[in-house]
1. Where residues in segment 12-42 are in contact with a Gly (Cβ under 7 Å, 6 or more places away or on another chain) and within 19 Å of LEU93 (Cβ to Cβ), which of them is modelled with the lowest pLDDT?
2. If you scan segment 127-141, which residues turn out to be part of a helix (DSSP H, G or I), at pLDDT below 80 and within 15 Å of the chain's Cα centre (by Cα)?
3. Report, by residue number, each residue of segment 80-127 that is within 30 Å of THR70 (Cβ to Cβ), aliphatic (A, V, I, L, M) and open to solvent by 60 Å² or more (accessible area, probe 1.4 Å).
4. Does ILE117 satisfy the criteria of being assigned to a helix (DSSP H, G or I), at pLDDT below 90 and β-branched (Val, Ile, Thr)?
5. Within segment 37-72, work out how many residues are aliphatic (A, V, I, L, M), more than 30 Å from SER15 (Cβ to Cβ) and open to solvent by 70 Å² or more (accessible area, probe 1.4 Å).
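The values are calculated or read from the model by the stated rules, or taken from the named source; none is laboratory data. Fair warning: this is a prediction, and the values are worked out from it, not measured in the lab. Because the Cβ atoms are built from the backbone with ideal geometry, glycine has one as well, and the counts that use them run over all protein chains shown. Just the protein is used for accessible areas: all its heavy atoms, side chains included, with ligands, DNA and RNA removed. Shrake-Rupley method; radii C 1.70, N 1.55, O 1.52, S 1.80 Å.
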Amino acid sequence: MFNKISAKQLKYAVSAFIMASSLLTSHLYFFTENESWLSVLLGFVASFIMIGIYSALSKRYPGKNLIDITTAVFGRVLGTGISLFYVFYFLSLSYLNTRNLGDFIKGSVLLNTPMTIILVFFVLICAMAVRKGPVVMSRYGLL
């Protein structure tokens with residue numbers, strides 16, 4: 001019972017993800033006006049395609065992570081290069097998303113709080129959520 005996410009929690013997590021995606025693309029409204037929903041929809045479709053690709057790879061190479069798979073498919077040298085791109089992409093995306101959240105929180109909620117404090121607490125909360133698992137994260141997501 002404690003290791004599963006209920007349908008209500010999943011529904012909330014998906015709706016929160018879609019709303020957060022809308023916030024990330026809100027600056028495009030100046031250019032796209034009433035067609036801003038299209039970027040959210042395209043991102044949603046693209047993410048399902050990527051999930052399908054990664055799911056097929058994980059079934060074809062069970063027990064291996066993405067770096068092991070790229071090494072097995074492309075060889076040691078090219079696979080290592082592609083794996084480095086994956087690591088760089090993850091780190092840069094993590095930085096940009098964390099900074100974006102910090103700018104949003106500082107600009108709208110905690111106006112006088114230093115950015116470092118906001119980012120440190122956010123990273124600690126994310127680390128705790130990863131350690132505890134998606135069940136705990138979705139259980140307390142509403143808070």
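1. Among those residues, the one meeting the criterion is SER21.
2. The answer is ALA129, VAL130, PRO134, MET137, SER138.
3. The answer is LEU84, VAL87, LEU91, LEU93, LEU96, VAL123.
4. The answer is no for ILE117.
5. Final tally of qualifying residues: 1.
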